[in-house]
Amino acid sequence: MQTDPQGSASFSAESYFATQPAPASLDNDRQRVRAFVRRQSEQGNKVVLVTSGGTTVPLERNMVRFLDNFSAGTRGATSAEYFLKAGYAVIFMHRQFSLQPFSRHYSHSTNPFLDFLEIEHKPAPNESLSTTPEITVTPEKREDLLSVLTAYKKVHRDGTMLTLSFVTVNDYLWLLRGVSEELSEMGRDAMYYLAAAVSDFFLPRQKMSEHKIQSGKGSLHIEMDQVPKILKPMVDEWTREGFIVSFKLETDPQLLLPKCRQALERYGHQVVIGNDLNRRKFEVVFVSRIAPKKDPAHPAATNIDDDTFTESWLRLSEKDTHTREIEEDIVNELVRRHRTWMNNGR
Ligand code: PAZ
């Protein structure tokens, strides 16, 4: 663990996992992932890990208050559906109670499913006066519901989705490491799609108050430590040759591209997808590295200072925003790039 000039600590991934407790469900989750990966591998399926939703940072061990990260889980849940449609098996690792594939279409706040149902009173057989109430689907909602339900039932029948959940940033980090290590068995056939909004700061267990923080002392000062940059060990140690896609969210448009490039430079993974908070539903940018040039004098070596980046924007037109989802285009593009990545490795 290092200390910066202001005195706050920054954990390496190693010191983080050596000092912060693993969630109680971790071993069980890892076993489920292992069995799932083995099954998908036998069936010749590619697997994508989709992370989705925000993480919390508890302020007390007996938690009353916490800091949260913005994210409804729309990107993750929607993308998972398109990956399934493209023939991938999906490990859907999401914040508890955030949106999920298929059920997201009938979220209680935007599209409550009870509004789709009607009660019909049909005459009961042999009893002319009484009626039996029956539940039916509102006719104009039928077609949409049938198509969502058909896709949902198929995924259940085929066993191509495994759902795991996290709440805190600590749960997330442990689970991400565990799932990545299990999934790395698939080598290049695995994709990692990191759409969750993960806190950059946390309160180590050792600094947390045991009980509810009391208000008697007036204002509250909390100094948080930096969450370790886990993409580095993820690329170098946890995943073997997997195709890794991370997301970068910014609110200042000037920062978006520099931050995406910086992430690729630091961690050396395959793609960063940049999105602006207010434009994310209809515009994203794919940033990746053009393979470093070979030095003719030393053909075996690559010059890593010679990095250049490619940037390609995906946009939905004004008209399409109401009828299409940008995740469909994101997933199609990634499936294409993953195929090239797999072919290059073989
Ligand atoms: O879940 P949502 O659809 O509301 O938002 C998706 C998102 C903006 C959280 C995601 O696209 C993203 O950028 N995730 C990474 C955030 C970050 O840590 O930079």
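Where a number appears in this text, it was derived from the coordinates with a stated rule and is not lab data. Computed from a predicted structure; not experimentally measured.
Quick notes on this structure:
- Close amide H partners of residue 199, meaning residues 5 or more places away or on another chain with modelled amide H under 5 Å apart, are 55.
- Just checking the listed ones, 264, 117, 249: in the Gaussian network model of the chain with Cα springs under 10 Å, the one fluctuating most is 117.
- Comparing 102, 113, 36 in a Gaussian network model of the chain (Cα springs below 10 Å), the most mobile by mean-square fluctuation is 113.
- By DSSP, the beta bridges lying fully in the stretch 27-115 are antiparallel in about 35 percent of cases.
- Phi-based couplings in Hz for the stretch 107-114 (Karplus 6.51, -1.76, 1.60; Gly and Pro marked x): 5, 4, 8, 9, 8, x, 5, 4
- Filter on 259/319; 85/153; 85/248; 46/259; 154/319 - keep pairs with C-alpha separation over 21 Å: 259/319; 85/248; 46/259; 154/319
- Where both bridge residues fall in the chain, DSSP classifies roughly 45% of the beta bridges as antiparallel.
- Evaluated at q = 0.15 Å⁻¹: base-10 log I(q)/I(0), Debye formula over Cα of the stretch 172-232: -0.66
- Applied to the stretch 273-287, the Karplus parametrisation 6.51 cos²θ - 1.76 cosθ + 1.60 on θ = phi - 60° returns per-residue 3J(HN,Hα) values of 9, x, 9, 8, 3, 8, 10, 5, 7, 9, 8, 9, 10, 8, 10 Hz, with x for Gly and Pro.
- Of 93, 63, 161, the one that fluctuates the most in a GNM where the chain has Cα springs shorter than 10 Å: 63
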